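First up is the structure itself, then whatever we jot down about it.
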Amino acid sequence: YSYYYTYYGSYSTNTISSPDTLWRLNSNLRYGVDVHYALESSYDFFFQKFNRNSYDNSGHALNSYINYYGYTAATYSGANFYFPMINGNNLAQATIEIVGHEYAHAVISKTAALTGGAEARALNEGFSDIFGVAIDFFKNPTTANFIIGERTKANGVPSRNMGYPNLVGFPSSYLGTNYLASNYYNAGAVLNYWFYLLVNGGSGTNDFGNNYQINSIGLDAASRIAYYALTTFLTNSSNYSSCRTATIAAVTNLYGACSKEAKEVTKAWYAVNVGAN
């Protein structure tokens, strides 16, 4: 790893450095430390779980700019990561699930892309949430949760509650209550809830009166299925229907067509109103 961090101010670019791997958490370094730790954690997650060497799988350097004034929220763009200071609150942009979310956007840009339409972009946001949360659990298994950006509500990054999306005005069913096709964060919540049900299990009745009962397959299996679908079957123009097909193909290849995992993947899609039970 590189133990340097780039700081982008309003007029100049400076490097924050440490003589060793023990960063001192003073007020000038803390934001760089937090972002670096989270990016390092993101790299480790994808490398250890999927043998992926950086987001492009070719060891690309992780170039990050903090206190960047060109964006209103944490952003991946053009092989760089940007983390702005918003309303004087820079630490909020550096939580692991947010930095991991941006790292996942970079992975997506080198795999399925998912930019060719409103639903593709919603899936892009949903998969980024999925892996942001998975990275948080990877590093912080006792304190991680399924909420995205709970420390950033006033700072440009929408909060999503993957287990209870309706509580924050997001949909739990495709085309159901609160669903806004043109809002990628909003529409991506459907994929979030699908993933949450796979990991944790759950039961209920969706917005269309369909009863569902999902049994947990755990975080590792659910993450593996999502990654396999993303890197093998999904394409730039994929939508929710083709994402269902892709994840069923992925779980079939990984665990078998009649496996418990395959059944739960399909049932979870039914729960969010995508396809049959």
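The values are calculated or read from the model by the stated rules, or taken from the named source; none is laboratory data. Because the structure is a prediction, the values reported are computed rather than measured. Don't worry about glycine lacking a Cβ; one is built from the backbone with ideal geometry, like all the others, and counts go over all protein chains shown. Note: accessible area is taken over every heavy atom of the protein model, side chains too, but ligands, DNA and RNA are not part of it. Shrake-Rupley method; radii C 1.70, N 1.55, O 1.52, S 1.80 Å.
What aspartates and glutamates could a cross-link reach from residue 139, if we take a straight Cα to Cα line under 12 Å and drop same-chain neighbours fewer than 8 places away? Cross-link targets: 40, 44, 97.
Remark on the range 90-232: hydrodynamic radius 15.2 angstrom, per the Kirkwood mean of 1/r across alpha carbon pairs. Ranking 184, 65 by solvent-accessible area of protein heavy atoms (1.4 Å probe, all protein chains present), from largest to smallest, gives 184, 65. Averaging the sequence gap over all C-alpha pairs within less than 8 Å and six or more residues apart, then dividing by the number of residues, gives the range 143-248 a relative contact order of 15 percent. Per-residue extension of 0.36 nm, minus the Cα-Cα distance of residue 237 and residue 72, leaves a gain of 56.7 nm for this segment. Charging the Cβ of each Asp and Glu at -1 and of each Lys and Arg at +1, and nothing else, the dipole of the range 150-271 about its Cα centre rounds to 60 debye. Give the Kirkwood hydrodynamic radius (Å, one decimal) of the range 149-277, defined as one over the mean of 1/r across all pairs of different Cα atoms. It is 14.8 Å. In the distance distribution for the range 159-210, Cα-Cα pairs more than 19 Å apart total 16 percent.
Full extension of the segment from residue 113 to residue 276, taken as 0.36 nm per residue of separation minus the current Cα-Cα distance, would add 56.0 nm.
The lysines within cross-link reach of residue 110, meaning a Cα-to-Cα straight distance under 19 Å and a gap of 8 or more places when in the same chain, are 49. The range 90-129 and the range 250-269 have their alpha-carbon centroids 24 Å apart.
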